[in-house]
1. Among the residues of region 403-428 satisfying the criterion of being among the hydroxyl-bearing types (Ser, Thr, Tyr) and under 17 Å from residue 367 (Cα atoms), which is surrounded by the most Cβ atoms within 10 Å (Cβ to Cβ)?
2. Quick one: would you say residue 304 is within 11 Å of residue 260 (Cβ to Cβ) and polar (S, T, N, Q)?
3. Are there any pairs with C-beta distances below 6 angstrom linking a residue in region 399-410 that is touching a residue at least 24 places away in the same chain (Cβ under 8 Å) to a residue that is not in a helix (DSSP H, G or I), with the two at least 6 apart or on different chains, and if so which?
4. Give the residues of region 463-485 that are farther than 16 Å from residue 420 by Cα and without any contact (Cβ under 8 Å) to a residue 40 or more places away in the chain, sorted by residue number.
5. How do the pairs read when you match residues in region 60-73 that are over 10 Å from residue 29 (Cα atoms) with residues anywhere that are part of a loop (DSSP other than H, G, I, E, B), using Cβ under 7 Å and keeping only pairs 6 or more apart or on different chains?
6. If residue 126 meets every condition in (1) modelled with pLDDT under 90; (2) in contact with a Ser or Thr (Cβ under 6 Å, 6 or more places away or on another chain) apart from one, which number is that one?
7. For region 179-194, which positions are at pLDDT 75 or above and farther than 14 Å from residue 127 by Cα?
8. I'd like the full set of residues that are out of contact with any His (no Cβ under 6 Å at 6 or more places or on another chain), part of a helix (DSSP H, G or I) and open to solvent by less than 10 Å² (accessible area, probe 1.4 Å), limited to region 384-402.
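The values are calculated or read from the model by the stated rules, or taken from the named source; none is laboratory data. From a predicted model like this one, the values you see are computed outputs, not experimental measurements. Cβ placement follows ideal geometry from the backbone for every residue including glycine, while neighbour counts extend to all protein chains displayed. Keep in mind that these areas ignore ligands, DNA and RNA; they rest on the heavy atoms of the full protein, side chains included. Shrake-Rupley method; radii C 1.70, N 1.55, O 1.52, S 1.80 Å.
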Amino acid sequence: CAVKAAHVLSEIAKNEEMMKPCIEADLVLTLIPFLESTDQEMLLHAGRAIGRICYDNRDLQEELVKVGVIPSLVRILTDYAESEPLVHVALLALYNLADLDSAKEALSTTKVAEQLVKQLRRAESHERLEIVFEVLQALAENDALKVQLVDAGVPEVLSEILLRLQGSSQAEDTCIVKAASDLIVSLLLGGKKGILQARLQKNNARAIVLILARHETSQGKDSLNSELASWYGNCLRLFQLGVIHQLLDLLEKHVQSGDTSVQQAALSALQSLAVPVVSKVQMLEEGVAERIEALLRSESPPVQFKLLGTLRMLADGQADAAEILGQDPLLLNRLVQWCSVSDPSGICGEANRLLASILHHNRSQEVVRAIQAAQGVKHLVSMTTSEHAAMQNEALNALAIASAIDLETLEESFKESQLVQSLHKLLRDDNTSPEVKYNSMGLLCRLLNSGDLRQEIEENKIKDTLEQLCSHSSADVVKEAITTLQVLRGET
(Lines give C-alpha, C1' and ligand atoms only; values in the text may rest on other atoms or scores of the structure.)
Protein backbone atom coordinates (compact mmCIF):
# COMPACT_ATOMS: atom_id res chain seq x y z
CA CYS A 1 0.00 0.00 0.00
CA ALA A 2 3.04 2.33 0.23
CA VAL A 3 2.73 3.62 -3.37
CA LYS A 4 -1.00 4.30 -2.93
CA ALA A 5 -0.38 6.03 0.38
CA ALA A 6 2.30 8.24 -1.19
CA HIS A 7 -0.14 9.08 -3.99
CA VAL A 8 -2.82 10.07 -1.46
CA LEU A 9 -0.33 12.24 0.43
CA SER A 10 0.80 13.98 -2.76
CA GLU A 11 -2.84 14.86 -3.49
CA ILE A 12 -3.55 15.97 0.10
CA ALA A 13 -0.47 18.22 0.05
CA LYS A 14 -1.94 20.22 -2.83
CA ASN A 15 -4.26 21.83 -0.26
CA GLU A 16 -2.50 24.65 1.57
CA GLU A 17 -4.52 24.02 4.74
CA MET A 18 -3.26 20.43 4.90
CA MET A 19 0.45 21.33 4.82
CA LYS A 20 0.65 22.03 8.56
CA PRO A 21 -0.93 18.69 9.58
CA CYS A 22 1.45 16.90 7.19
CA ILE A 23 4.42 18.63 8.79
CA GLU A 24 3.20 17.92 12.34
CA ALA A 25 2.82 14.22 11.43
CA ASP A 26 6.53 14.12 10.37
CA LEU A 27 5.48 12.92 6.93
CA VAL A 28 8.49 14.55 5.23
CA LEU A 29 11.04 12.53 7.18
CA THR A 30 8.88 9.43 6.69
CA LEU A 31 8.83 9.93 2.91
CA ILE A 32 12.55 10.72 2.45
CA PRO A 33 13.74 7.05 2.43
CA PHE A 34 11.34 6.29 -0.43
CA LEU A 35 13.38 8.57 -2.70
CA GLU A 36 15.85 5.67 -2.85
CA SER A 37 13.16 3.37 -4.25
CA THR A 38 13.54 1.76 -7.68
CA ASP A 39 9.77 1.93 -8.22
CA GLN A 40 9.20 4.92 -10.52
CA GLU A 41 5.62 5.39 -9.38
CA MET A 42 6.76 5.54 -5.75
CA LEU A 43 9.49 8.04 -6.64
CA LEU A 44 6.97 10.20 -8.47
CA HIS A 45 4.39 10.36 -5.67
CA ALA A 46 6.93 10.63 -2.84
CA GLY A 47 8.78 13.39 -4.70
CA ARG A 48 5.59 15.33 -5.38
CA ALA A 49 4.40 14.98 -1.77
CA ILE A 50 7.72 16.16 -0.31
CA GLY A 51 7.91 19.07 -2.78
CA ARG A 52 4.40 20.25 -1.99
CA ILE A 53 4.74 19.94 1.80
CA CYS A 54 8.09 21.79 1.83
CA TYR A 55 7.14 24.48 -0.66
CA ASP A 56 7.96 27.93 0.70
CA ASN A 57 9.07 26.51 4.07
CA ARG A 58 12.75 27.37 4.47
CA ASP A 59 13.25 25.48 7.73
CA LEU A 60 11.88 22.28 6.23
CA GLN A 61 13.97 22.79 3.10
CA GLU A 62 17.10 23.15 5.20
CA GLU A 63 16.12 19.95 7.00
CA LEU A 64 15.72 18.16 3.66
CA VAL A 65 19.24 19.12 2.64
CA LYS A 66 20.59 18.07 6.03
CA VAL A 67 19.09 14.56 5.78
CA GLY A 68 20.60 14.05 2.33
CA VAL A 69 17.85 14.74 -0.23
CA ILE A 70 20.27 16.35 -2.74
CA PRO A 71 22.09 13.13 -3.79
CA SER A 72 18.68 11.43 -4.17
CA LEU A 73 17.43 14.15 -6.53
CA VAL A 74 20.59 13.99 -8.64
CA ARG A 75 20.26 10.18 -8.74
CA ILE A 76 16.71 10.52 -10.08
CA LEU A 77 17.93 12.89 -12.81
CA THR A 78 20.72 10.44 -13.64
CA ASP A 79 18.85 7.11 -13.54
CA TYR A 80 15.54 8.31 -14.99
CA ALA A 81 16.66 11.02 -17.43
CA GLU A 82 14.11 9.81 -20.00
CA SER A 83 11.14 9.94 -17.63
CA GLU A 84 9.45 13.29 -18.10
CA PRO A 85 7.36 13.16 -14.88
CA LEU A 86 10.31 12.18 -12.67
CA VAL A 87 12.65 14.71 -14.26
CA HIS A 88 10.02 17.39 -13.74
CA VAL A 89 9.67 16.50 -10.04
CA ALA A 90 13.45 16.46 -9.51
CA LEU A 91 13.94 19.79 -11.31
CA LEU A 92 11.17 21.47 -9.32
CA ALA A 93 12.73 20.21 -6.11
CA LEU A 94 16.15 21.53 -7.13
CA TYR A 95 14.55 24.84 -8.14
CA ASN A 96 13.04 25.19 -4.65
CA LEU A 97 16.27 24.24 -2.87
CA ALA A 98 18.92 25.84 -5.09
CA ASP A 99 18.87 29.21 -3.29
CA LEU A 100 20.08 27.57 -0.07
CA ASP A 101 23.83 27.78 0.52
CA SER A 102 23.72 24.33 2.09
CA ALA A 103 22.07 22.94 -1.06
CA LYS A 104 24.71 24.54 -3.29
CA GLU A 105 27.44 23.05 -1.14
CA ALA A 106 25.82 19.61 -1.33
CA LEU A 107 25.34 19.89 -5.08
CA SER A 108 29.00 20.82 -5.60
CA THR A 109 29.95 17.26 -4.62
CA THR A 110 27.59 15.69 -7.22
CA LYS A 111 27.55 15.52 -11.00
CA VAL A 112 24.47 17.73 -11.25
CA ALA A 113 26.09 19.89 -13.96
CA GLU A 114 26.30 16.97 -16.40
CA GLN A 115 22.67 16.04 -15.76
CA LEU A 116 21.46 19.61 -16.27
CA VAL A 117 23.33 19.76 -19.59
CA LYS A 118 21.54 16.57 -20.66
CA GLN A 119 18.19 18.10 -19.74
CA LEU A 120 19.01 21.30 -21.61
CA ARG A 121 19.77 19.29 -24.74
CA ARG A 122 16.60 17.21 -24.61
CA ALA A 123 14.18 19.92 -23.41
CA GLU A 124 11.43 20.37 -25.97
CA SER A 125 9.14 22.82 -24.18
CA HIS A 126 9.70 26.42 -23.12
CA GLU A 127 8.47 25.50 -19.64
CA ARG A 128 11.15 22.83 -19.21
CA LEU A 129 13.88 25.17 -20.43
CA GLU A 130 12.75 27.88 -18.03
CA ILE A 131 12.91 25.51 -15.03
CA VAL A 132 16.43 24.36 -15.97
CA PHE A 133 17.50 27.99 -16.50
CA GLU A 134 16.20 28.95 -13.05
CA VAL A 135 18.16 26.13 -11.43
CA LEU A 136 21.31 27.00 -13.37
CA GLN A 137 21.00 30.69 -12.55
CA ALA A 138 20.86 29.91 -8.83
CA LEU A 139 23.79 27.48 -9.02
CA ALA A 140 25.88 29.99 -11.00
CA GLU A 141 26.07 32.13 -7.85
CA ASN A 142 28.47 29.57 -6.38
CA ASP A 143 32.08 29.68 -7.67
CA ALA A 144 32.68 25.94 -7.37
CA LEU A 145 29.45 25.12 -9.18
CA LYS A 146 30.14 27.82 -11.77
CA VAL A 147 33.36 26.05 -12.75
CA GLN A 148 31.53 22.72 -12.97
CA LEU A 149 28.75 24.18 -15.11
CA VAL A 150 31.20 25.79 -17.50
CA ASP A 151 33.34 22.65 -17.71
CA ALA A 152 30.24 20.54 -18.31
CA GLY A 153 29.54 22.61 -21.44
CA VAL A 154 26.57 24.71 -20.32
CA PRO A 155 27.71 27.78 -22.35
CA GLU A 156 28.00 25.66 -25.51
CA VAL A 157 24.47 24.32 -25.11
CA LEU A 158 23.15 27.81 -24.39
CA SER A 159 24.86 29.13 -27.52
CA GLU A 160 23.18 26.35 -29.54
CA ILE A 161 19.81 27.44 -28.12
CA LEU A 162 20.57 31.07 -29.01
CA LEU A 163 21.52 30.08 -32.55
CA ARG A 164 18.36 28.03 -32.92
CA LEU A 165 16.10 30.85 -31.76
CA GLN A 166 18.06 33.72 -33.31
CA GLY A 167 15.75 36.06 -35.20
CA SER A 168 12.52 34.60 -33.79
CA SER A 169 9.91 37.23 -32.94
CA GLN A 170 7.70 34.92 -30.85
CA ALA A 171 7.27 36.13 -27.27
CA GLU A 172 8.10 32.71 -25.76
CA ASP A 173 11.30 32.45 -27.81
CA THR A 174 12.30 35.98 -26.84
CA CYS A 175 11.98 35.07 -23.14
CA ILE A 176 14.15 31.98 -23.66
CA VAL A 177 16.78 33.98 -25.57
CA LYS A 178 16.91 36.56 -22.78
CA ALA A 179 17.16 33.92 -20.07
CA ALA A 180 19.87 32.01 -21.95
CA SER A 181 21.94 35.10 -22.64
CA ASP A 182 21.62 36.36 -19.06
CA LEU A 183 22.75 32.95 -17.86
CA ILE A 184 25.83 33.09 -20.07
CA VAL A 185 26.67 36.45 -18.54
CA SER A 186 26.30 34.94 -15.06
CA LEU A 187 28.59 32.04 -15.95
CA LEU A 188 31.28 33.94 -17.78
CA LEU A 189 31.35 37.18 -15.81
CA GLY A 190 32.15 37.28 -12.14
CA GLY A 191 33.63 34.58 -10.04
CA LYS A 192 37.27 33.84 -10.65
CA LYS A 193 38.89 35.60 -13.59
CA GLY A 194 40.51 32.36 -14.77
CA ILE A 195 37.14 30.74 -15.50
CA LEU A 196 36.40 32.97 -18.46
CA GLN A 197 39.96 32.89 -19.75
CA ALA A 198 40.12 29.10 -19.57
CA ARG A 199 36.93 28.72 -21.57
CA LEU A 200 38.10 31.23 -24.17
CA GLN A 201 41.29 29.26 -24.58
CA LYS A 202 39.11 26.26 -25.38
CA ASN A 203 37.48 28.28 -28.19
CA ASN A 204 34.29 28.87 -26.26
CA ALA A 205 34.22 32.48 -27.39
CA ARG A 206 31.17 31.72 -29.56
CA ALA A 207 28.99 31.79 -26.44
CA ILE A 208 30.23 35.28 -25.59
CA VAL A 209 29.80 36.36 -29.21
CA LEU A 210 26.16 35.28 -29.18
CA ILE A 211 25.32 36.96 -25.90
CA LEU A 212 26.94 40.19 -27.05
CA ALA A 213 25.08 39.94 -30.35
CA ARG A 214 21.83 39.50 -28.45
CA HIS A 215 22.41 42.66 -26.45
CA GLU A 216 23.37 44.58 -29.58
CA THR A 217 19.98 43.84 -31.13
CA SER A 218 18.12 44.84 -27.98
CA GLN A 219 19.83 48.19 -27.45
CA GLY A 220 17.03 50.19 -29.01
CA LYS A 221 14.44 48.66 -26.68
CA ASP A 222 16.53 48.86 -23.52
CA SER A 223 18.37 52.15 -23.99
CA LEU A 224 16.73 53.67 -20.90
CA ASN A 225 16.62 50.42 -18.98
CA SER A 226 18.80 49.53 -16.02
CA GLU A 227 19.56 46.24 -17.79
CA LEU A 228 21.55 48.07 -20.43
CA ALA A 229 23.25 50.24 -17.82
CA SER A 230 24.53 47.10 -16.11
CA TRP A 231 25.40 45.74 -19.54
CA TYR A 232 27.79 48.66 -20.09
CA GLY A 233 29.48 47.63 -16.85
CA ASN A 234 29.75 44.10 -18.19
CA CYS A 235 31.36 45.43 -21.37
CA LEU A 236 34.08 47.07 -19.31
CA ARG A 237 34.61 43.89 -17.32
CA LEU A 238 34.94 41.93 -20.55
CA PHE A 239 37.65 44.36 -21.62
CA GLN A 240 39.49 43.75 -18.38
CA LEU A 241 39.32 40.02 -19.02
CA GLY A 242 40.95 40.45 -22.42
CA VAL A 243 37.95 39.31 -24.46
CA ILE A 244 38.51 41.76 -27.32
CA HIS A 245 41.49 39.99 -28.85
CA GLN A 246 39.84 36.61 -28.31
CA LEU A 247 36.87 37.84 -30.36
CA LEU A 248 39.16 39.24 -33.03
CA ASP A 249 41.07 35.96 -33.22
CA LEU A 250 37.77 34.12 -33.59
CA LEU A 251 36.66 36.57 -36.26
CA GLU A 252 39.85 36.25 -38.30
CA LYS A 253 39.77 32.47 -38.03
CA HIS A 254 36.28 32.34 -39.50
CA VAL A 255 37.10 34.91 -42.18
CA GLN A 256 39.58 32.34 -43.47
CA SER A 257 37.13 29.44 -43.12
CA GLY A 258 34.24 31.42 -44.63
CA ASP A 259 31.82 30.80 -41.73
CA THR A 260 29.64 33.89 -42.21
CA SER A 261 27.28 33.19 -39.29
CA VAL A 262 30.15 33.44 -36.80
CA GLN A 263 31.52 36.52 -38.60
CA GLN A 264 28.17 38.27 -38.22
CA ALA A 265 27.86 37.31 -34.56
CA ALA A 266 31.44 38.38 -33.78
CA LEU A 267 30.88 41.75 -35.45
CA SER A 268 27.63 42.19 -33.50
CA ALA A 269 29.59 41.46 -30.35
CA LEU A 270 32.24 44.05 -31.17
CA GLN A 271 29.55 46.56 -32.11
CA SER A 272 27.92 45.99 -28.74
CA LEU A 273 31.21 46.43 -26.91
CA ALA A 274 31.82 49.71 -28.77
CA VAL A 275 28.73 51.42 -27.33
CA PRO A 276 30.31 52.93 -24.16
CA VAL A 277 32.64 55.84 -24.99
CA VAL A 278 35.43 54.49 -22.80
CA SER A 279 35.22 51.22 -24.74
CA LYS A 280 35.68 53.00 -28.07
CA VAL A 281 38.92 54.55 -26.86
CA GLN A 282 40.28 51.24 -25.64
CA MET A 283 39.21 49.42 -28.81
CA LEU A 284 41.08 51.99 -30.90
CA GLU A 285 44.15 51.58 -28.74
CA GLU A 286 43.86 47.81 -29.21
CA GLY A 287 43.89 48.27 -32.99
CA VAL A 288 40.39 46.89 -33.51
CA ALA A 289 39.60 49.14 -36.50
CA GLU A 290 42.59 47.88 -38.47
CA ARG A 291 42.02 44.23 -37.60
CA ILE A 292 38.36 44.04 -38.59
CA GLU A 293 39.07 45.70 -41.92
CA ALA A 294 40.26 42.25 -43.01
CA LEU A 295 36.58 41.61 -43.69
CA LEU A 296 36.52 44.18 -46.48
CA ARG A 297 37.14 41.39 -48.94
CA SER A 298 34.02 39.51 -47.79
CA GLU A 299 31.38 38.97 -50.45
CA SER A 300 28.63 38.16 -47.94
CA PRO A 301 26.07 41.03 -47.73
CA PRO A 302 25.09 40.26 -44.10
CA VAL A 303 28.77 40.33 -43.06
CA GLN A 304 29.36 43.53 -45.04
CA PHE A 305 26.34 45.12 -43.34
CA LYS A 306 27.57 44.18 -39.86
CA LEU A 307 31.10 45.35 -40.69
CA LEU A 308 29.86 48.79 -41.71
CA GLY A 309 27.70 49.09 -38.58
CA THR A 310 30.60 48.11 -36.33
CA LEU A 311 32.97 50.64 -37.92
CA ARG A 312 30.29 53.34 -37.67
CA MET A 313 29.82 52.59 -33.97
CA LEU A 314 33.58 52.93 -33.46
CA ALA A 315 33.69 56.29 -35.27
CA ASP A 316 30.69 57.69 -33.38
CA GLY A 317 31.98 60.66 -31.37
CA GLN A 318 35.63 59.67 -31.84
CA ALA A 319 37.76 62.01 -33.97
CA ASP A 320 40.74 59.63 -33.66
CA ALA A 321 38.72 56.74 -35.07
CA ALA A 322 37.33 58.91 -37.87
CA GLU A 323 40.86 60.00 -38.76
CA ILE A 324 42.14 56.41 -38.87
CA LEU A 325 39.24 55.19 -41.00
CA GLY A 326 39.12 58.32 -43.18
CA GLN A 327 42.72 57.95 -44.33
CA ASP A 328 42.55 54.27 -45.26
CA PRO A 329 42.41 54.15 -49.08
CA LEU A 330 41.37 50.49 -49.15
CA LEU A 331 38.40 51.17 -46.87
CA LEU A 332 37.38 54.37 -48.70
CA ASN A 333 37.51 52.72 -52.12
CA ARG A 334 35.42 49.80 -50.84
CA LEU A 335 32.93 52.20 -49.27
CA VAL A 336 32.53 54.16 -52.49
CA GLN A 337 32.03 50.89 -54.34
CA TRP A 338 29.30 49.84 -51.89
CA CYS A 339 27.68 53.29 -52.11
CA SER A 340 26.89 52.53 -55.74
CA VAL A 341 25.38 49.09 -55.05
CA SER A 342 21.68 48.67 -55.70
CA ASP A 343 20.38 45.76 -53.65
CA PRO A 344 17.84 45.04 -50.90
CA SER A 345 20.46 44.21 -48.24
CA GLY A 346 20.95 47.83 -47.12
CA ILE A 347 24.69 47.83 -47.88
CA CYS A 348 24.44 51.05 -49.90
CA GLY A 349 22.73 52.93 -47.07
CA GLU A 350 25.17 51.66 -44.43
CA ALA A 351 28.18 52.56 -46.59
CA ASN A 352 26.84 56.09 -47.03
CA ARG A 353 26.17 56.39 -43.31
CA LEU A 354 29.72 55.32 -42.46
CA LEU A 355 31.14 57.87 -44.91
CA ALA A 356 28.96 60.55 -43.33
CA SER A 357 30.00 59.48 -39.85
CA ILE A 358 33.69 59.65 -40.74
CA LEU A 359 33.28 63.21 -42.05
CA HIS A 360 31.01 64.25 -39.19
CA HIS A 361 33.34 63.16 -36.40
CA ASN A 362 36.57 64.01 -38.20
CA ARG A 363 38.54 67.22 -37.64
CA SER A 364 41.28 66.61 -40.20
CA GLN A 365 41.79 68.28 -43.57
CA GLU A 366 43.58 65.11 -44.74
CA VAL A 367 40.41 63.05 -44.24
CA VAL A 368 38.31 65.51 -46.24
CA ARG A 369 40.81 65.36 -49.08
CA ALA A 370 41.04 61.54 -48.92
CA ILE A 371 37.24 61.17 -49.23
CA GLN A 372 37.19 63.70 -52.04
CA ALA A 373 39.99 61.79 -53.84
CA ALA A 374 38.03 58.53 -53.45
CA GLN A 375 35.02 60.25 -55.09
CA GLY A 376 32.87 59.78 -52.02
CA VAL A 377 31.48 63.32 -51.86
CA LYS A 378 28.95 62.83 -54.66
CA HIS A 379 27.41 59.91 -52.76
CA LEU A 380 26.93 62.07 -49.67
CA VAL A 381 25.25 64.73 -51.81
CA SER A 382 22.89 62.03 -53.11
CA MET A 383 22.30 60.97 -49.52
CA THR A 384 20.82 64.40 -48.75
CA THR A 385 17.82 63.41 -50.89
CA SER A 386 17.33 60.02 -49.19
CA GLU A 387 13.79 58.96 -48.33
CA HIS A 388 14.89 58.65 -44.68
CA ALA A 389 15.12 61.92 -42.73
CA ALA A 390 17.77 60.47 -40.40
CA MET A 391 20.08 59.75 -43.31
CA GLN A 392 19.39 63.18 -44.83
CA ASN A 393 20.40 64.88 -41.59
CA GLU A 394 23.53 62.74 -41.25
CA ALA A 395 24.63 63.74 -44.76
CA LEU A 396 23.82 67.43 -44.28
CA ASN A 397 25.70 67.66 -40.99
CA ALA A 398 28.69 65.76 -42.38
CA LEU A 399 28.93 68.00 -45.44
CA ALA A 400 28.59 71.14 -43.28
CA ILE A 401 31.48 70.04 -41.04
CA ALA A 402 33.61 69.04 -44.03
CA SER A 403 32.87 72.44 -45.64
CA ALA A 404 34.01 74.20 -42.50
CA ILE A 405 37.27 72.23 -42.58
CA ASP A 406 38.14 72.53 -46.28
CA LEU A 407 35.51 74.03 -48.57
CA GLU A 408 38.03 74.73 -51.31
CA THR A 409 38.75 71.01 -51.77
CA LEU A 410 35.05 70.14 -51.99
CA GLU A 411 33.89 73.06 -54.12
CA GLU A 412 34.23 71.38 -57.51
CA SER A 413 32.48 68.17 -56.39
CA PHE A 414 29.61 70.21 -54.95
CA LYS A 415 29.15 71.96 -58.27
CA GLU A 416 29.32 68.73 -60.30
CA SER A 417 26.85 66.94 -58.03
CA GLN A 418 24.48 69.96 -57.99
CA LEU A 419 24.41 70.25 -54.22
CA VAL A 420 22.91 73.75 -54.29
CA GLN A 421 20.01 72.58 -56.42
CA SER A 422 19.39 69.62 -54.09
CA LEU A 423 19.32 71.90 -51.06
CA HIS A 424 16.90 74.27 -52.76
CA LYS A 425 14.59 71.38 -53.55
CA LEU A 426 14.63 70.29 -49.88
CA LEU A 427 13.79 73.81 -48.74
CA ARG A 428 10.89 74.18 -51.17
CA ASP A 429 9.34 70.76 -50.53
CA ASP A 430 6.49 70.94 -48.01
CA ASN A 431 7.13 67.27 -47.10
CA THR A 432 10.67 67.97 -45.94
CA SER A 433 10.93 67.70 -42.15
CA PRO A 434 11.73 70.89 -40.17
CA GLU A 435 15.04 69.38 -38.97
CA VAL A 436 16.16 68.65 -42.55
CA LYS A 437 15.22 72.22 -43.61
CA TYR A 438 17.17 73.57 -40.63
CA ASN A 439 20.29 71.52 -41.45
CA SER A 440 20.00 72.37 -45.15
CA MET A 441 20.22 76.07 -44.30
CA GLY A 442 23.15 75.39 -41.99
CA LEU A 443 25.01 73.84 -44.92
CA LEU A 444 23.98 76.73 -47.19
CA CYS A 445 25.63 79.19 -44.79
CA ARG A 446 28.89 77.24 -45.18
CA LEU A 447 28.62 77.22 -48.98
CA LEU A 448 28.23 81.00 -49.07
CA ASN A 449 31.94 81.22 -48.19
CA SER A 450 32.67 80.13 -51.77
CA GLY A 451 32.33 82.74 -54.50
CA ASP A 452 31.23 80.23 -57.16
CA LEU A 453 28.73 78.47 -54.89
CA ARG A 454 27.36 81.84 -53.67
CA GLN A 455 26.73 82.72 -57.31
CA GLU A 456 24.84 79.44 -57.82
CA ILE A 457 22.75 80.12 -54.72
CA GLU A 458 21.85 83.59 -56.00
CA GLU A 459 21.07 82.32 -59.52
CA ASN A 460 18.75 79.65 -58.11
CA LYS A 461 16.79 82.39 -56.29
CA ILE A 462 17.07 80.58 -52.98
CA LYS A 463 16.61 83.98 -51.33
CA ASP A 464 12.91 83.94 -52.21
CA THR A 465 12.50 80.50 -50.66
CA LEU A 466 14.31 81.60 -47.51
CA GLU A 467 11.97 84.59 -47.18
CA GLN A 468 8.98 82.27 -47.38
CA LEU A 469 10.50 80.06 -44.66
CA CYS A 470 10.55 83.09 -42.33
CA SER A 471 6.86 82.37 -41.74
CA HIS A 472 7.31 78.61 -41.24
CA SER A 473 5.46 76.89 -38.37
CA SER A 474 8.76 75.76 -36.80
CA ALA A 475 10.49 78.42 -34.70
CA ASP A 476 13.89 76.80 -35.36
CA VAL A 477 13.36 76.90 -39.12
CA VAL A 478 12.32 80.56 -38.93
CA LYS A 479 15.37 81.48 -36.88
CA GLU A 480 17.75 79.66 -39.26
CA ALA A 481 16.07 81.19 -42.33
CA ILE A 482 16.60 84.70 -40.91
CA THR A 483 20.25 83.89 -40.13
CA THR A 484 20.86 82.45 -43.62
CA LEU A 485 19.30 85.53 -45.25
CA GLN A 486 21.56 87.77 -43.21
CA VAL A 487 24.64 85.79 -44.35
CA LEU A 488 23.40 85.89 -47.94
CA ARG A 489 22.98 89.67 -47.77
CA GLY A 490 26.38 90.08 -46.17
CA GLU A 491 24.89 91.43 -42.94
CA THR A 492 26.79 88.94 -40.74
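1. The first filter runs over region 403-428 and keeps only residues among the hydroxyl-bearing types (Ser, Thr, Tyr), leaving 403, 409, 413, 417, 422.
Filter again for under 17 Å from residue 367 (Cα atoms), leaving 403, 409, 413.
Details: 403: 25, 409: 17, 413: 17.
By that ranking, first place goes to 403.
2. Working: within 11 Å of residue 260 (Cβ to Cβ): yes; polar (S, T, N, Q): yes.
The answer is yes for residue 304.
3. Correct list of pairs: 407/449; 407/450.
4. From region 463-485, those farther than 16 Å from residue 420 by Cα are 467-480, 482-483; that's our starting set.
Passing the criteria: 467, 468, 470, 471, 472, 473, 475, 478, 479, 482.
5. Listed by first residue and then by second, the contacts come to 61/100; 62/100; 65/100; 70/110; 71/110.
6. (2)
7. Once the filter is applied, which keeps residues that are at pLDDT 75 or above and farther than 14 Å from residue 127 by Cα, region 179-194 yields only 183.
8. Looking only at region 384-402, we keep the residues that are out of contact with any His (no Cβ under 6 Å at 6 or more places or on another chain), and these are 384-396, 399-400, 402.
Now narrow it down to the ones that are part of a helix (DSSP H, G or I): 389-396, 399-400, 402.
Within region 384-402, 395, 396, 399, 402 meet the criteria.
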